[in-house]
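Following: one structure in structure tokens, then a few remarks.
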Amino acid sequence: MEEKHQKTALLHYWGNTPEEDFYTQQGINSTNSYYTSPRGQTLFTRSWQPLQTPPRALIFMVHGYGNDISWAFQSTPIFLAQQGFACFALDLPGHGHSHGLKAFVPNVDDVVDDFIFFFNSIKQLPQFQNLPTFLYGESMGGAICLLIHLKKPNDFLGAVLIAPMCKISDNLRPRWPIPQILIFLGKFFPTLPIVLTADLLEKSIKVPEKKVIAGMNPMRYGGKPRLGTVIELLRVTDHLSQRLKDVSLPFIVLHGSADVVTDPNVSRELYEEAKSEDKTLKIYDGMLHSLQFGETDENVEIVRRDILAWLNDRCRGETQ
């Protein structure tokens, strides 16, 4: 079995075509590098840009917990770059190629500051000045995008939020006294990976063949969540759930009705409570958590069309 797995393992989610050759075939340009934040955190970054034309807008992207920007996540920025958008993303601390203990995120506020500083450094480049800028976040990345907006409410033209983790659903939240026990233990053992959860890959991806591809990701974290990370996510989502009414930027939130990783009802709450005048909610019947990769190709295309239409409308309004 081990020998068979070695033969079928892929170098990239698309197959074994070298990265640069694949990007050229897709009509885009991609770069990667390391970025050191003001607090000294070393983070891995990627960009995906149109090859032949200047970009129409900038999209700053944030991935979800346990994920990274070098595997299947790339399918979305590759698609957006083909449509004329310049996309930029970082691996979260402890994720992908970024430095730090695997899947350990003890302070999301620090991550928000790191991302704001990096995004601003991109916006200030001469070739990108005066372009519309958008946030894009998946799952925990959606929560981080909202926290970025709440800290810098006028810095972005809008946000695309895919199944955002902006509140822990009452149906999923651990019952008392489990959170209190976790918080107590976390003071002494914050890096301990002992929190029992279901396999997120199994719960997120619908298509069996795509589950296999996602499982080949060498950077994926499949271990138990660390105490410090879980405690921080509980804190952040509690804070964010109290501030949904303060969200003011234009946004589109997209969620599968059958998602059991993040709750579509929480996206409904975001839509209802946000004071944004320009807000859109899309709930896709029967779809799971991984809308941009794990669904059938037909479903992925439906979601992409909705995202692209929303971005196109805001870019046209900005240039008129």
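No lab work stands behind these numbers, since they all come straight from the coordinates. As the structure is a computational prediction, the values presented were derived from the model and not from experiment. So basically every Cβ, Gly included, is an ideal-geometry build from the backbone, and we count neighbours across all protein chains shown.
General observations
- Nearest-20 debye value, the chain charge dipole, Cβ charges on Lys, Arg, Asp, Glu: 520
- Per-peptide average of other Cβ atoms within 10 Å, ordering 59-68, 82-91 highest first: 59-68, 82-91
- Compared with the alpha-carbon gap, the fully stretched path from residue 235 to residue 269 is longer by 10.4 nm at 0.36 nm per residue.
- DSSP beta bridge pairing in the chain, given as percent antiparallel to the nearest 5: 35
- Taking 310, 48 and counting other C-beta atoms within 10 Å, the order from fewest to most: 310, 48
- Overall form of segment 184-316 per C-alpha gyration tensor (a/c, 1.5; a/b vs b/c): oblate
- Summed side-chain charge close to residue 205 - residues other than residue 205 whose Cβ falls under 15 Å, Lys, Arg +1, Asp, Glu -1: -2
- Using the Karplus relation 6.51 cos²θ - 1.76 cosθ + 1.60 with θ = phi - 60°, the per-residue 3J(HN,Hα) values for segment 239-252 come to 4, 5, 4, 7, 10, 4, 5, 8, 5, 10, 7, x, 8, 10 Hz, with x marking Gly and Pro.
- Highest mobility in the GNM of the chain, judged by mean-square fluctuation with C-alpha springs under 10 Å and restricted to 134, 117, 251, is found for 117.
- Global geometry of segment 2-319, whether rounded, prolate or oblate, following the gyration tensor of its Cα atoms and the 1.5 cut on a/c: rounded
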